[in-house]
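Working notes, structure below.
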Amino acid sequence: MNPAEDAKGTDAERPRKLGLCLLCGLPGAGKSTFARVLGHWLRQERGWAVGVLSYDDLLPDEFLDSAGEQPPTSQWKMFRQELLKYLECFLMALINGCQMSAPSNKTEAMWEDFITCLKDQDLIISAALEAQPFYLLAKTAVSRPLVLVLDDNFYYQSMRYEVYQLARKYSLGFCQLFLDCPLETCLQRNGQRPQAVPTEIIRLMGRKIERPNPEKNAWEHNSLIIGSPAHSSEANLEVADLLLTALENPVKYVEDNIEQKETDRIICSANIFHKADQTLRRIVSETMKEAKDEQVLPNNLKLLAEELNKLKAEILEDLRQGKLCFQQTTGISDVISFFCNEKDNIVQKYFSKQHQH
């Protein structure tokens, strides 16, 4: 029996194998090319079903501005979370053996691109219905081991952890492939693209990118760093072994996993810190604009800015060191409330000075 025939099997013979694989690295590292080659190889040599989901292809054109630049961080994060919601719809259909319907709240263009992506890879087929369209799972998707490859930069650990949480929720296989490519090579390749990413963004990513770190994060133990050339037969076999290990050892959700809860807490704290930083910056900016409108004297404006920024820095440092602890459910509302109370006391002092003049 050849490997392809052995891999196909039937549902009666073995449990269903289903996994998520993150393909990460800098823009221009060769991720999309690698994903296409890997997908073809796995289908032909292993007989697996493969779905490659490229974030670049699924991002609607209206999310890009006239200069071809990416949207603000907050909008970009919303897009990523929405895409994960679509992926979860597909996973639920696979796991429950039922049809897939569109979620209630969706970006129409992005959902259509997602559906087209699955159809083009023979994973779903359309089923006509008068009012609400729905989709049936294709035979390819339900009769073979299925690997869904998510192709994106994933340069922050927190971005990858969101996908891991999805794998854990549904007890799926999970692994990561990091394409290690020199920055200058990435910049050169990017410059040859019709819609290039701004050079400064790639350089910034290069400084900030967080490689998989299995020694620090237990959930990243199924990770592989691939150097150039990435398309050799040896690389394919090494990746296939990693994928098979992930498929045969799905992530188990343990309610009282202390290590996992600690990881969740760290990720949550990082997200709260980022949100707090962005929000406090905005409040300081709005407060300074209000002070200018009130015609506060230039010297007092400078002193006001120094006090507000000092207050902001102190609160963020306390938050970073864990001196301010807030639950994920309350988010940053308590932090903002505390800052605004202190801010009002400072502002009142300078506005009072203005009226005295």
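Derivation of every value follows stated rules applied to the coordinates shown; laboratory data play no part. The structure displayed is predicted, hence computed values, not measured ones.
Quick notes on this structure:
- The lysines within cross-link reach of Lys77, meaning a Cα-to-Cα straight distance under 16 Å and a gap of 8 or more places when in the same chain, are Lys85, Lys106, Lys275.
- Lysines whose Cα lies under 20 Å from that of Lys31, excluding same-chain neighbours fewer than 8 positions away: Lys208
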